[in-house]
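Engineer: Take a look at this one; I'll ask things after.
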Amino acid sequence: MTTEPDATAPPKDYRLLVPRDWFRIDLTEERWRAQLKTFVDHQAAGKAVPAEIKQEAWAILRNTAEAGVRTGALEFFLRPELEGGGILPVSLIVSLIPRPGGLTPRDLRDSLEAKQRQNPAAVEITTVTLPAGETVRVAGPTTLDLYVWMPGGVGYLALAFAVPLSGLTGPMGRLCDSIAESLRWIV
C-alpha cells in the first residue's frame, strides 16, 4: 500500500525548471561573487562592451545579489540580453520567506494592496493557483514577483523576475510564467 504525501507537512526542498541557457548562481555558498563575475566577463567577452558598462553591470548585479542574500535568497538565475553594448540580463531570484503560523496568501495580498495604495505604482496584485499552491502574484511592466505559499504554512517561496528590456509582455513574460508553473515541492 502506498501513501500520499502529507500536504500539510513542510516541504524538504523544491524543484524548479529553468532553461539551460540561464546562468545559475548558488547564493547559499560564499563563491557567489566569483560566479557573478564569471557571468559578466563571459557576456562581455568578444563584444564591444565598454569597461564602464561592464563594471556598472557587475555592480548592479552584485548589489542585487547582496540584497537578496540579506533577505533569504537561495538562488540567482541570469539570462543574457544584450542591447546597445550594455549587459542587461533577465533575472530570477528565488528566496525563502519564513512565516510560521501566519500571513495567509489573502493576508499577504491585502497587505501588499494596502502598501500600493500608499505608494501607487503600475502593478497588478492578484491571487492565483499554481501547481505548487496558492500564490500572490505582483506584476509590473518589467517585474514579476510570485509568493508561493508553502505546505505546512511555514512561509513563502518567492520568485522575483526582472525583465528589463522586453518587459513581461510577449515571450519572455510567458517564459517567466512557465518557470513559476514548474515549481514542485519535495516532501
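Engineer: Taking the alpha-carbon distance from Lys37 and a cut-off under 17 Å, which lysines remain once sequence neighbours fewer than 8 residues away in the same chain are dropped?
Structural biologist: Leaving aside lysines fewer than 8 places away in the same chain, those within reach of Lys37 are Lys47, Lys54.
Engineer: Is segment 98-187 rounded, prolate or oblate when judged by the Cα gyration tensor, a ≥ b ≥ c being the square roots of its eigenvalues, rounded requiring a/c under 1.5 and prolate requiring a/b larger than b/c?
Structural biologist: Details: a/c = 2.55, a/b = 1.19, b/c = 2.15.
The shape class here is oblate.
Engineer: Over the chain, what percent of the accessible surface lies on carbon and sulfur atoms, probe 1.4 Å? Don't skip to the end; give the middle numbers.
Structural biologist: Working: 5600 of 10400 Å².
Ligands and nucleic acids excluded, carbon and sulfur reach 54 percent.
Engineer: Let me ask another. Rounded to the nearest 0.05, what FRET efficiency do Leu74 and Leu165 have when you use their Cβ-Cβ distance and R0 = 35 Å? All intermediate terms of the calculation are to be shown ahead of the outcome.
Structural biologist: Numbers: r = 25 Å, r/R0 = 0.73.
E between Leu74 and Leu165, to the nearest 0.05, is 0.85.
Engineer: Stretched out fully, how many nm does the piece from Arg117 to Glu56 gain, at 0.36 nm a residue minus the Cα gap? Don't jump to the answer; show the numbers that get you there.
Structural biologist: Values: separation 61, 0.36 × 61 = 21.96 nm, distance 3.30 nm.
Gain on stretching Arg117 to Glu56: 18.7 nm.
Engineer: Between His42 and Ile97, what FRET efficiency comes out of the Förster formula 1/(1 + (r/R0)^6) with R0 = 25 Å and r the beta carbon distance, rounded to 0.05? Walk me through the numbers before you get to the answer.
Structural biologist: Details: r = 31 Å, r/R0 = 1.24.
E(calc), rounded to 0.05, equals 0.20.
Engineer: Could I ask something else about it? Mind checking the per residue accessible area of the chain for me, 1.4 Å probe, whole number of Å²?
Structural biologist: Values: 10400 Å² over 187 residues.
I get 56 Å² per residue for this part.
Engineer: Also: Name the most mobile residue of Arg79, Arg106, Arg137, meaning the one with the largest mean-square fluctuation, in a Gaussian network model of the chain with Cα contacts below 10 Å.
Structural biologist: Largest GNM mean-square fluctuation: Arg106.
Engineer: Follow-up. Using the Karplus curve 6.51 cos²θ - 1.76 cosθ + 1.60 with θ = phi - 60°, work out ³J(HN,Hα) for each residue of segment 67-77 in order, rounded to whole Hz, and write x for Gly and Pro.
Structural biologist: Calculated HN-Hα couplings, in order: 4, x, 4, 5, 10, x, 5, 10, 9, 9, 10 Hz.
Engineer: Let me ask something else about it. When all protein chains stay in place, what accessible area (Å², nearest 10, 1.4 Å probe) is found for Leu165?
Structural biologist: Looks like 60 Å² after rounding.
Engineer: Please enumerate, by chain and number, the aspartates and glutamates with C-alpha under 17 Å from the C-alpha of Lys12, excluding those fewer than 8 residues away in the same chain.
Structural biologist: In chain and number order, the partners are Glu4, Glu75.
Engineer: Between Ala34 and Lys12, what is the label-point separation in nm under the 7 Å Cα-to-beta-carbon projection?
Structural biologist: Placing both labels 7 Å beyond Cα along the Cβ direction yields 3.0 nm.
The values are calculated or read from the model by the stated rules, or taken from the named source; none is laboratory data. As the structure is a computational prediction, the values presented were derived from the model and not from experiment. Neighbour counts are summed over all protein chains in view; Cβ atoms, including those assigned to glycine, are modelled from backbone coordinates with ideal geometry. These accessible areas exclude ligands, DNA and RNA; they are computed on the full protein's heavy atoms, side chains included. Shrake-Rupley method; radii C 1.70, N 1.55, O 1.52, S 1.80 Å.
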